[in-house]
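Down below is the structure, laid out as structure tokens.
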Ligand code: GLY
Ligand code: MN
């Protein structure tokens, strides 16, 4: 079905074929993920997954597409040349050196971008994909629970992140979905404050942003706490973010656009007077990549549809003071959105 969609694109654009080389897309179309990658070639008549010889056995075990192997670059270019790929569809992210090699050694004369068709497929998750993402989210919830138990005055941010990674792996995760963010005190004002060797202090806001990678799919959750009792300003920004996040989850449904959802969430933060401190978009799609389509931002007018998986993650960041972010991964359903990350949100 997925390969058929590419074939329809080849026909529509009068291409000789399509070449896919990025790992998320190779996994999406073949079901295989060799460490060294490979070359998925689709033409109107056939599809083949060409991999380095050392990956051959593994690819044959896992790939839904017939597998071929190559020993040397020369052998690979000869095989590709035999397919007469003069007009070739490739991913926008294909490296410049690969494009040059395709021109010089494979005889490709013209390139077309295939990103739109891949986006159209991957943006709607199948029930099977949603099930896997839901498990990735459950593991992220377990890691969050561990963080909430572990965080205390005097511990280093990195120690907390290490315990979380252990919990993830013990519960089936391949690894973290991205470098775990544990940002305490002044560092909580950094939206991407990856865990450092800073010791957590009394009265610190602590932003915990983490996710698990499970069977190639990602999860993403953020919670914020205060070590000890929150002061008035910490409470103010916390409850502004919490209200914005809750309104976002309630508003997410088919037929509104990603931009409209961003506006609803952004307006709550603005009403509290912190519009200038919300310095990123409301969220992003999650799947085989941690950041994919749609972008829940002012720049993305994608209409939400059942099966899309997105994050809703407003934040307020005040340099030198600290920050708050609350985030859930949610799936768009027939009439709303369902939270896949479920850790309690009201934590101060
Ligand atoms: N969880 C990290 C991010 O969304 O940028
Ligand atoms: Mn996120």
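Observations, loosely collected:
- Search result, residues across the range 272-317 that are without any contact (Cβ under 8 Å) to a residue 24 or more places away in the chain and either surrounded by 24 or more Cβ atoms within 10 Å (Cβ to Cβ) or at negative phi (or both): 275, 276, 281, 291
- Residue pairs whose Cβ atoms lie under 8 Å apart, separated by 6 or more positions or on different chains, with the first residue in the range 318-334 and farther than 30 Å from residue 304 by Cα and the second modelled with pLDDT of 95 or more and assigned to a strand (DSSP E or B), are 322/205.
- Residues being within 15 Å of ligand 2 (Cβ to nearest atom) and in contact with a strand residue (DSSP E or B) (Cβ under 6 Å, 6 or more places away or on another chain) - total across the range 309-325: 10
- Of the strands (runs of 3 or more DSSP E) lying entirely inside the range 241-348, the ones with 3 or more residues being touching a helix residue (DSSP H, G or I) at 6+ places or on another chain (Cβ under 9 Å) and within 16 Å of ligand 1 (Cβ to nearest atom) are found at 292-296, 309-312, 315-318, 322-325, 328-332.
- Residue identified as within 14 Å of ligand 2 (Cβ to nearest atom) and touching a residue at least 24 places away in the same chain (Cβ under 8 Å) among 173, 177: 177
- Close Cβ contacts (under 9 Å, 6 or more residues apart or on different chains) running from residues in the range 189-217 that are free of Cβ contacts under 8 Å to residues at least 60 places away in the same chain and within 28 Å of residue 172 (Cβ to Cβ) to residues that are part of a loop (DSSP other than H, G, I, E, B) and more than 16 Å from ligand 2 (Cβ to nearest atom) comprise 206/151; 206/200; 206/227.
- Selection from the range 3-17 of residues that are within 24 Å of the chain's Cα centre (by Cα) and buried (at least 19 other Cβ atoms within 10 Å of the Cβ): 6
- Put simply, of 190, 213 the only residue that is farther than 30 Å from residue 32 by Cβ, surrounded by fewer than 21 Cβ atoms within 10 Å (Cβ to Cβ), modelled with pLDDT of 95 or more and within 16 Å of ligand 2 (Cβ to nearest atom) is 190.
- Of all residues assigned to the range 152-165, at least one qualifies as being part of a helix (DSSP H, G or I), in contact with a helix residue (DSSP H, G or I) (Cβ under 6 Å, 6 or more places away or on another chain) and buried (at least 22 other Cβ atoms within 10 Å of the Cβ).
- Residue satisfying condition, being modelled with pLDDT of 95 or more, within 16 Å of ligand 1 (Cβ to nearest atom), in a loop (DSSP other than H, G, I, E, B) and touching a helix residue (DSSP H, G or I) at 6+ places or on another chain (Cβ under 6 Å), within set 173, 147, 143: 173
The values are calculated or read from the model by the stated rules, or taken from the named source; none is laboratory data. Being a predicted model, the structure only gives us computed values, none of them experimental. Cβ sites come from the backbone with ideal geometry, for glycine too, and all protein chains shown count toward neighbours.
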